[in-house]
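Working notes, beginning with the structure itself.
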Amino acid sequence: MKILVSVFNNLYTDQRVEKVCKSLHENAYQIELIGNNWGGEPEMSRPYFFKRISLKSKILRFAYLEFQWKLYKELMKRANENSILLSNDLDALLPNYLVSKRKKIPMIWDSHEIFTEMPSVTNRWVQHIWRLLEKSIVPKLKYTMIANDSYADWFVKNYGIKRPVVVRNLPKKLPSPKLTDNNPKIILYQGAINFSRGIDKMIEAMQLIEGAEFHIAGRGPMTDEYKDLVRKLNLENKVKFLGNLSPIELRKITEKADVGLSIEENKGLSYYYSLPNKISDYIQARVPVVVSKFPEMQKIVEKYNVGEFISSHEPKHLAEKIKIVLEKGKGSYVPLLETAAKDLCWENEEPKLLELFDRVAPQHKQFKFTKSSLS
């Protein structure tokens, strides 16, 4: 059975798509992954076929349009009666939906977020276009999976759909790394350097924190602006930009941190209901966290007691919460982090993914024949 997986990005840092593809590949599904070259074409190796559609558009809204048409043609060329389509997020949904109808093959939609409630589209004219697409197609979908319970609740409430299968974006279980004693202490943010992530507030808070450095691992459209802010506040010796790192390099950096940040601002429901994968990455690295007081994040901190959550982004308040974690010391959190790491891992999510695909696959007569012929 062939799974045609499509997503609007260059594939390199999309951990959810990588984990899903790898799990399906290791369970005898044939994977063909389709992305694009938006954001570059970094070299990568995968044990299954992948392709990046070449986009000529230089403006994002035009790149979305170009991708829709080119992805539709690519799926039409590759899909057959033995295929299942896996569409990731709203920006790949329309071509997958049209091909599934035309070829009469099943499609699973994996929503990583609430796309129409992202800060980049809220209160802009494009929000109405994406919402129209969402409203037109999502209620008609037979199979959906989604990244957390709050997102699932939102779609059920707004579109009256059957509750999606919740497959959280958690990392593979990792052994406990060697505990390091850093001087100065390391405060880590990993992920996109974008607005509404609280990064600028954290830079300002570094004026109030001694004996520590703030390390920012990632890249994004706000990188230059935040570097200017660092220079303006004369914090070059306390704030370090590490750039875009490979997953292996990032893991090594994360393990050394004393506290990990996920301090998104409430600029849209998608952020408010999110459970960023960086939180579980920190936990797998046995690093305590400071997070926003949003439903999914708060549940993790309260259940496992692995850090602090903030109730505002005032630099003084942010500094106070981080100081609490630093003063307790990373070692004091390790037993609690061990328990959380055991629970919050991909190994506990993967069975739900496989059950969904195993339920969808037997619809095909040819697949039934192939499976019986292999037994």
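The values are calculated or read from the model by the stated rules, or taken from the named source; none is laboratory data. Computed from a prediction, not measured in an experiment: that's the story for all the values here. Ideal geometry is used to build each Cβ from the backbone, glycine not excepted, and the neighbour counts take in all protein chains shown.
So which residues in segment 29-45 are more than 12 Å from Asn9 (Cβ to Cβ) and modelled with pLDDT of 95 or more, if there are any at all?
Within segment 29-45, Tyr29, Gln30, Ile31, Glu32 qualify.
How do the pairs read when you match residues in segment 173-194 that are under 20 Å from Leu275 (Cβ atoms) with residues anywhere that are at pLDDT 95 or above and surrounded by fewer than 14 Cβ atoms within 10 Å (Cβ to Cβ), using Cβ under 7 Å and keeping only pairs 6 or more apart or on different chains?
Lys173/Glu347
Right, Lys135: crowded, with 16+ Cβ neighbours inside 10 Å and either touching a helix residue (DSSP H, G or I) at 6+ places or on another chain (Cβ under 8 Å) or touching a residue at least 40 places away in the same chain (Cβ under 8 Å) (or both) or not?
No.
In segment 221-281, which helices (runs of 4 or more DSSP H) lie fully inside it and hold 3 or more residues that are out of contact with any Gly (no Cβ under 8 Å at 6 or more places or on another chain) and among the hydrophobic types (A, V, I, L, M, F, W, C)?
In segment 221-281, the matching helices (runs of 4 or more DSSP H) lie at 247-256.
Residues being in contact with a Lys or Arg (Cβ under 8 Å, 6 or more places away or on another chain) and among the aliphatic types (A, V, I, L, M): count how many of those fall in segment 189-221.
Going through segment 189-221 one residue at a time, the tally reaches 8.
I want to confirm something. Restricting to segment 178-210 and keeping residues that are surrounded by fewer than 17 Cβ atoms within 10 Å (Cβ to Cβ) and of a type in the set (D, E, K, R), which single residue is farthest from Ile146 (Cα to Cα)?
Glu210
Just to be sure, is Pro175 at pLDDT below 95 and surrounded by fewer than 17 Cβ atoms within 10 Å (Cβ to Cβ)?
Yes, satisfied.
If we scan segment 7-28, do we find a residue that is assigned to a strand (DSSP E or B), surrounded by fewer than 18 Cβ atoms within 10 Å (Cβ to Cβ) and out of contact with any Asp or Glu (no Cβ under 8 Å at 6 or more places or on another chain)?
no
Per-residue answers, yes or no, for (1) in the same structural domain as Pro276 (by TED's automatic domain parsing); (2) more than 22 Å from the chain's Cα centre (by Cα):
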position: Val290; (1), (2): yes, no
position: Met297; (1), (2): yes, no
position: Phe309; (1), (2): yes, no
position: Ser312; (1), (2): yes, yes
position: His317; (1), (2): yes, yes
position: Ile322; (1), (2): yes, yes
position: Lys328; (1), (2): yes, yes
position: Ser332; (1), (2): yes, yes
position: Val360; (1), (2): no, yes
